[in-house]
Amino acid sequence: MPTVASRSELERLLEDDVPYGDLTTEALGIGAVSGVMRFSARDPMVLALAEDAAAIIELTGCRVELFAASGSMLAAGAPILQASGVAAGLLRSWKVAQTLIESWSGVATEARAIVDAAKAVAPHIAVACTRKNVPGTKRFAAAAVKAGGAVMHRLGLSETILVFPEHRALLGEAMLAETVERLRRAAPEKRLVIEVKTIEAAVAATVAGFDVIQVEKFAPAEMAALMARMSLIGSMRARPIVAAAGGIHAGNAAAYAAAGVDVVVTSAPYLARPRDVQVQIMPAAAGQRLMTEAA
């Protein structure tokens, strides 16, 4: 089963939680007891990072059966995985694996809610999540966003060009057309994106030749007015892609989609509450008995 993180990254997560052994398990003398551990969804959720959680458990020597893949919509009570092995491995991996699924399934679930709200109005709209995830977690954030049906807006500063007002403040008196020309020479294969905060600035950036106009913190009605202006420009030349950004979430995504934008850009999934994963740990004999009864 493919994982997002490498083996060494997953080992570091375990080491962070269990740097010098599991004192409680060792003191109780139960490390060699054979057991079964089950994960299930306590509430409805879009599952994320299940494969990485399973790999973490396997790193402790346990065997894992995965019942659902990342991106799956799970009902309350739906099984996620079952692990079998000695208690030392099960208890060492338990909280790391559980927390990984809970945290990133929260992101995936919120991303799916925004996608569903926007696409119910505009089926072809794109929902893009920003790079404003917790530093050091980008690999997991991107996987959770994908599991929720959204895309990443930018993975970082290295692969995309997005001119902010802060950049322009440092450019001095350079005209927008001069900025476009400079960027085309320096990175001819890249789309040029600019963030603007007024309709007039959006029109000016369009005339200058930017490929994507990212509009910051417009209300839906203002976005609709901008799109009306853009349609007039589009009758004379190909209009740029228009992205709405700033304060967009599941509660208002439909209104922005109705305004006619091409992309909604959001950071809201990263602030979502984790989704609860129920964990049951029992002796191997009891786990086998429950499996037989369920069959």
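The values are calculated or read from the model by the stated rules, or taken from the named source; none is laboratory data. Quick caveat: nothing in here was measured; it's all calculated off a predicted structure. Using ideal geometry, Cβ is built from the backbone for each residue, glycine included, and neighbour counts are taken over all protein chains shown. Just the protein is used for accessible areas: all its heavy atoms, side chains included, with ligands, DNA and RNA removed. Shrake-Rupley method; radii C 1.70, N 1.55, O 1.52, S 1.80 Å.
Taking a ≥ b ≥ c as the square roots of the Cα gyration tensor eigenvalues, region 11-55 comes out oblate, since a/c reaches at least 1.5 and a/b does not exceed b/c. A simple spin-label model places the labels of ALA186 and ASP116 4.3 nm from each other, with each point 7 Å out along Cα-to-Cβ.
First compute the accessible area of the chain with a 1.4 Å probe, then give the percent of it belonging to carbon and sulfur atoms. Mind dumping the intermediate values first?
Details: 8510 of 14720 Å².
Percent of accessible area from carbon and sulfur atoms in the chain: 58.
Per-residue ellipticity at 222 nm computed for the chain from its helices equals -14000 deg cm²/dmol, with DSSP H segments shorter than 4 residues left out and the rest contributing -39,500 (n - 2.57). In whole angstrom, region 153-220 maps to an equivalent ellipsoid with semi-axes of 18, 15, 12, each derived as √(5λ) from the alpha carbon gyration tensor and ordered largest first.
Pairs of alpha-carbon atoms within less than 8 angstrom and 6+ residues apart define the contacts here; what relative contact order does the chain have, in percent?
23
Of (1) 1.58; (2) 1.26; (3) 1.10, which is the value of Cα Rg over 2.2 N^0.38 Å derived from the coordinates here? Here Cα Rg over 2.2 N^0.38 Å agrees with entry (2). For region 141-295, the share of DSSP beta bridges that are antiparallel, to the nearest 5, is 0%. List the lysines whose alpha-carbon lies under 19 Å from that of LYS119, not counting same-chain residues fewer than 8 positions away? Straight-distance partners of LYS119: LYS146. Distance between the C-alpha centres of region 184-228 and region 1-67: 46 Å, rounded to the whole angstrom. Charge tally around ALA228: other residues with Cβ under 12 Å, Lys/Arg +1 each, Asp/Glu -1 each, net +1.
Based on Cα atoms of region 9-151, Rg over Rh with Rh as the Kirkwood radius reads 1.05.
Per residue, how much accessible area does the chain show when a 1.4 Å probe rolls over the protein heavy atoms, in square angstrom?
Numbers: 14720 Å² over 295 residues.
That works out to 50 Å² for each residue.
Of all DSSP bridge pairs formed entirely within the chain, close to 50 percent run antiparallel. Take the alpha-carbon centre of region 116-148, take the same for region 80-103, and report the distance between them in whole Å. Rounded to whole Å, the Cα centres lie 27 Å apart.
Among the trypsin sites (Lys or Arg not before Pro) within region 108-152, which fall in a DSSP loop and have no more than 16 other Cβ atoms within 10 Å of their own Cβ? Working shown, then result.
Details: sites: ARG112, LYS119, ARG131, LYS132, LYS138, ARG139, LYS146; in loops: ARG131, LYS132.
Taking region 108-152 and a limit of 16 other Cβ atoms within 10 Å, the loop trypsin sites (Lys or Arg not before Pro) found are LYS132.
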